[in-house]
Amino acid sequence: MAAKRRKTPSDLGNLILGAMPSEARVRLAARLKIVDVAGGSVICDAGALVREIYFPRTCVLSLLGLSRAGDAVETAFIGREGAFGLVAGMRGRETHARCQVKIGGTAYRLPAADFKREFDRSATVRAVVLDYLAALTALTQQTVVCNPFHSAKARLARSLLMMRDGTGADLLGITQELLAGVLGLSRTTVTEAARALQSAGAISYRRGVVQIVNSDRLADASCECYETVRSLVKEPAKA
């Protein structure tokens, strides 16, 4: 009987891990742990020391900027194309943002020290990480532009499309309360925007679940930021 082949990260859905050199993927696979993360839970709060790196598989993570009063707004998201904690984790630093689970699912968790060894060992690993961090920085800048200038409906449409891309699924388990929090909007405003998208035939919504029923209509309702972000956050080339 043939031995069962060990699955590597490239088989299991995180694109940044899949772009690592094959030798690095094998070494990392032995240290990765798959964890379930619930929607709305906090992976790491602002000011906390980052000791582990999270690589989403089927979840989406939200990076939130916080005010002194405790108000929060999303500055970037992380889906299966990336990771949380790369810089702060490898440098043993505190994170400036709160990392909250936007869409529940599964992720790989890895001690930051283990990833740093591969980062230090391989120029290809460093190139993959730096390319991703450049895209994440550009995504953050685009989000800052989008928040004050575009309508709630357009921002909601953009966010739903990016969540679809981040999970690879049209069915999104997320509450209006959580959507309001990450978008920096009132729940009433999010409800009105969701109703408008539903009336347009772009989505259907029931308590805690949004289904994208027509992505073209949803894209039409979104601002131009979605296409800009989509061109930035893409699958890295495999080594």
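The values are calculated or read from the model by the stated rules, or taken from the named source; none is laboratory data. Not measured: the values here are computed from a predicted model. As a convention, Cβ positions derive from the backbone with ideal geometry for all residues, glycine included, and neighbour counts pool all protein chains shown.
Could we say that Gln141 is closer than 18 Å to Phe77 by Cβ and in the same structural domain as Gly82 (by TED's automatic domain parsing) here? Taking the combined requirement at face value, the residue satisfies it.
Residue-by-condition table, conditions (1) modelled with pLDDT under 90; (2) in contact with a helix residue (DSSP H, G or I) (Cβ under 9 Å, 6 or more places away or on another chain):
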{"residue": "Val129", "(1), (2)": "no, yes"}
{"residue": "Leu133", "(1), (2)": "no, yes"}
{"residue": "Val145", "(1), (2)": "yes, yes"}
{"residue": "Leu160", "(1), (2)": "no, yes"}
{"residue": "Asp170", "(1), (2)": "no, yes"}
{"residue": "Thr191", "(1), (2)": "no, yes"}
{"residue": "Arg195", "(1), (2)": "no, no"}
{"residue": "Gly201", "(1), (2)": "no, yes"}
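The residue that is farthest from Val182 (Cα to Cα), among those in the stretch 38-62 that are without any contact (Cβ under 8 Å) to a residue 60 or more places away in the chain and assigned to a strand (DSSP E or B), is Leu49. None of Ala138, Ala200, Ala193 is buried (at least 16 other Cβ atoms within 10 Å of the Cβ), of a type outside the set (D, E, K, R) and more than 15 Å from the chain's Cα centre (by Cα) except Ala193.
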